[in-house]
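The values are calculated or read from the model by the stated rules, or taken from the named source; none is laboratory data. What you see is a predicted model, and the numbers here were worked out from it, not measured in a lab. All Cβ positions, glycine included, derive from the backbone under ideal geometry; neighbour counts span all protein chains shown.
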Amino acid sequence: MKEPYEVSFERNCDRVKELQCQSELVKNAWLESQANCGIFSASWGRTERPAGPHWHDMEQVTQDEGVSATLMYRLERPVYSEGDLDTRVLHRKERSPQTVRQRLIKQISCSAGRAKTIVFSFLPILTWLPSYSVKQYLFGDVVSGLSTGVIQLPQGLAYALLAAVPPVYGLYTSFYPVLLYTLFGTSRHTSIGTFAVISLMIGGVAVREAPDSMFSGPAPNGTNGTDTVLDSKALEARRVKVAVALTCLVGLIQLALGVLRFGFVTIYLTEPLVRGFTTAASVHVFTSQLKYLLGVKTPRFRGPLSVLYSLVAVLIGIPTTNIAALVIGLVSIVFLFGTKNINDRFKDKLPVPIPGEIIVVTISTGISYGFQLSDKYKVETVGKIPTGLLPPALPDFSLLPNLLTDAIAIAVVSFSVSISLAKIFALKHGYSVNGNQELIALGMCNFVSSFFHCFTITSSMSRSLVQESTGGKTQIAGVLASLMVLLVVVAIGFVFQPLPQSALAAIVMVNLLGMFKQLGDIPSLWRTSRIELAIWVVSFIASVLLGLDYGLLAAIGFAILTVIYRTQRPKEIILGEIPNTGLYCDVEEYEEAQEYAGIKIFHSNTSIYFANSDLYVNALKEKTGLNPAVLLAARASRQKKVKQRDKKELKAEGGTQKREAIVQLDVEEGVTRMVLDSTTSDEQTNGQAVEFLGDPDTTHKLLEPLGSIHSIILDFSPVNFIDSVGAKTIKSVIKEFAEVDVQVFLAACNGTLLAELRRLRFFEGSVTPDLLFPSVHDAVLRCQHRVGPDPSSPAGNEGSSAHQAAEESC
């Protein structure tokens, strides 16, 4: 069955051809009577009519005989420069400028609708809670909340060890922030709470500000001065203060960024950078858990090469391994690894994932309590878990000045991880998240929770996947998960006091499996983008060796350098037209692309500013094969040689010869050839200062054009911005090439770039808007009209006779 437009073509094909013939006859007759240095149109190189009331832009649909039902168009219009567009075609809308007072009143005025919008944007829960469908959503949220809660409980205990605070503070952090995020967050599926990378960064700061040496002193009953004892209670209290103060400062920074609409800062944390950084953080986390798995005691290191120092310390302590702790840890790892594989393989058949973490916690706690592993085998356990919630307290603000740089890094990484997960789930389920509101939500969670003894939170990858895959529809699931944690804190926290730390280490290590899978990015990036691979590798290596703080700084710096590198190393090409299409492609890559004789179209996919303007000019000269300085130097050398020979001839003949002035206009080359009399030595010809001496053969050689190129078109379509240095560079290029009779045109400038050029006073002196064209083809046609078309050009021979007639009539 034929398509409707095919039927339409068949019915009207003959009529269209007839109208075309009539149009060509009328147009040719009009051209013969009105040929006046013709204005060109965009019908691929033919000489056309000037704009007038009898000729309107038209669009014709014809049928290509070679391709069935191919739509084609022919748009006929005059060739426009930007000067033509400004003066004859475009007319700006009149807008009355607003005063500062009017703009200020507009910003601060408040109506009922605007107040409602502000409240709803600040509290997104108001947008979905009133329409919450109990029948449709509640069951899924309950199942999801219970499933997430049984994972959040052991992870809260385990990640507290990474943060260098007692495990109960991990439970506090798994409760308060979740409630706050439900009010202020825009994501419906992310699970807020403890996260391994953030916990490790907090632990590094806590250890730096409260090292063991600060709380070590001589043993009261020591036999010699070398015996020391550690005040563990004072040490823990100090590290908790540091973690809480750091969390408060992180929250303030995120709130400030959110209010100032700085949600765009995550664009500087490209995905390869974040994935390389989190993979490196996983190495840090894994190394830090080895001592708990083996049951050995080692100091906690920080700073550059801390991973290597920790690994060496663990290897040295292997002879003191606690076998009971190691067995519990290894068995837990095997069990957790098996349950995760089962959950992944049968996720479509299982109603809920197998809660491997809570099973490990329950069984290992029972074994530890029944066999008294802590007393008999010296297995390190969680220890005392206070029952109930602690009263709120102010953070120690005196610690804030020392924590500022760490807080900035943690705030950015926390937000980057959270917004990345939020966008993934929003795209999957068809809703949107607001980056600025997410900053405010995380800031509120961290700032307010710091008064309740919590440390910094973000979205957890593993828990978010569980919350979404088990049917969670809203943050009601997160609230139910936090209520499970509250139940443990208030009622049954003491039950987990015998829990071995090696079991918690096993939970942490197995949960790092997903992050270690990011190593698979390396072969993928090798095939797709070597620069992004370099960012990934540098981020990973720097973060492993220098530490997470300096490593992140180094990775961001390197990512910015790659942006600069790309602007310094753009791809430069010469464009040619695909015949009779007006489409321009790389002549080195496509066989169909053909250059116009005497015209070079230069394309460089970069903006032009102070850092690459010289590189742009060098690439232009290299690609076009035309260097004005070299040509001028060659001409000067040729002139010098002729002068020397002429002097010798004059001296030999004993007198001077009279010269006659001969003027010849070479239309094809656009060069004035002249032999001067003895009173004049030089003539400025189309930008060429030439001296003519001696015999006619020598004169002919001197007056040859300096090159076969008469026009260069700079394709500015990829140029997004230009600064004052770039604008001055382009103006100097135009003037430099004019000295060798090559005119430079600019094409396809966007509106923003044109406005920048006007602000930079680019159009002054010899540089006018008439050198700019809205498209490359407009510029090509103007160049052809300037010197006459070449029959061998891609524009073909059809328009050459008409063009010559127009030239003759001029």
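The strands (runs of 3 or more DSSP E) located wholly in the stretch 149-241 that include 1 or more residues which are at pLDDT 85 or above and at positive phi occupy 191-193.
Residues that are surrounded by fewer than 20 Cβ atoms within 10 Å (Cβ to Cβ) and more than 34 Å from the chain's Cα centre (by Cα): which helices (runs of 4 or more DSSP H) entirely in the stretch 462-575 hold 2 or more of them? Can you show your working first?
Working: elements: 476-487, 501-511, 513-516, 521-528, 530-546, 548-568.
Fully inside the stretch 462-575 and qualifying: 476-487.
Do you know which residues across the stretch 291-326 are in a helix (DSSP H, G or I), of a type in the set (A, V, I, L, M) and exposed (fewer than 15 other Cβ atoms within 10 Å of the Cβ)? Quick ask: steps written out before the conclusion?
Applying the first criterion (in a helix (DSSP H, G or I)) to the stretch 291-326 yields 291-294, 306-316, 318-320, 323-326.
Right, trim to of a type in the set (A, V, I, L, M) and you get 293-294, 307-308, 311-316, 318, 323-326.
Hits for the stretch 291-326 are 308, 312, 315, 316, 318, 323.
Residue selection: residue 714 satisfies the criterion of being at pLDDT 95 or above and either within 26 Å of the chain's Cα centre (by Cα) or under 14 Å from residue 606 (Cα atoms) (or both).
Every residue, every condition in (1) of a type in the set (Val, Ile, Thr); (2) in the same structural domain as residue 443 (by TED's automatic domain parsing); (3) assigned to a helix (DSSP H, G or I); (4) at pLDDT 90 or above, yes or no:
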position: 357; (1), (2), (3), (4): no, yes, yes, no
position: 384; (1), (2), (3), (4): no, yes, no, no
position: 388; (1), (2), (3), (4): no, yes, no, no
position: 395; (1), (2), (3), (4): no, yes, no, yes
position: 398; (1), (2), (3), (4): no, yes, yes, yes
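Is it the case that some residue within the stretch 268-290 is over 31 Å from the mean Cα position of the chain (by Cα), among the hydroxyl-bearing types (Ser, Thr, Tyr) and either surrounded by 20 or more Cβ atoms within 10 Å (Cβ to Cβ) or in the same structural domain as residue 502 (by TED's automatic domain parsing) (or both)?
At the first step, the residues of the stretch 268-290 found to be over 31 Å from the mean Cα position of the chain (by Cα) are 287-290.
Keeping just the survivors that are among the hydroxyl-bearing types (Ser, Thr, Tyr) gives 287-288.
If we keep only those that are either surrounded by 20 or more Cβ atoms within 10 Å (Cβ to Cβ) or in the same structural domain as residue 502 (by TED's automatic domain parsing) (or both) as well, we get 287-288.
Within the stretch 268-290, one or more residues are over 31 Å from the mean Cα position of the chain (by Cα), among the hydroxyl-bearing types (Ser, Thr, Tyr) and either surrounded by 20 or more Cβ atoms within 10 Å (Cβ to Cβ) or in the same structural domain as residue 502 (by TED's automatic domain parsing) (or both).
Selection of the stretch 593-606 for residues being out of contact with any Pro (no Cβ under 7 Å at 6 or more places or on another chain) and surrounded by fewer than 19 Cβ atoms within 10 Å (Cβ to Cβ) yields 595, 597. If you filter the stretch 634-664 down to residues that are modelled with pLDDT under 75 and under 29 Å from residue 740 (Cα atoms), you find that the one that is surrounded by the most Cβ atoms within 10 Å (Cβ to Cβ) is 659.
Screening the candidates 117, 127 for the property of being exposed (fewer than 13 other Cβ atoms within 10 Å of the Cβ) and in contact with a helix residue (DSSP H, G or I) (Cβ under 6 Å, 6 or more places away or on another chain) yields one hit, 127. Could you list all residues from the stretch 72-103 that are touching a residue at least 40 places away in the same chain (Cβ under 8 Å) and part of a loop (DSSP other than H, G, I, E, B)? Those that are touching a residue at least 40 places away in the same chain (Cβ under 8 Å) and part of a loop (DSSP other than H, G, I, E, B): 79, 80, 81. Selection of the stretch 105-130 for residues being under 37 Å from the mean Cα position of the chain (by Cα), modelled with pLDDT of 85 or more and not in a helix (DSSP H, G or I) yields 123, 124, 129. Restricting to the stretch 745-779, what's the tally of residues that are without any contact (Cβ under 8 Å) to a residue 40 or more places away in the chain, buried (at least 17 other Cβ atoms within 10 Å of the Cβ) and part of a loop (DSSP other than H, G, I, E, B)? Count: 5.
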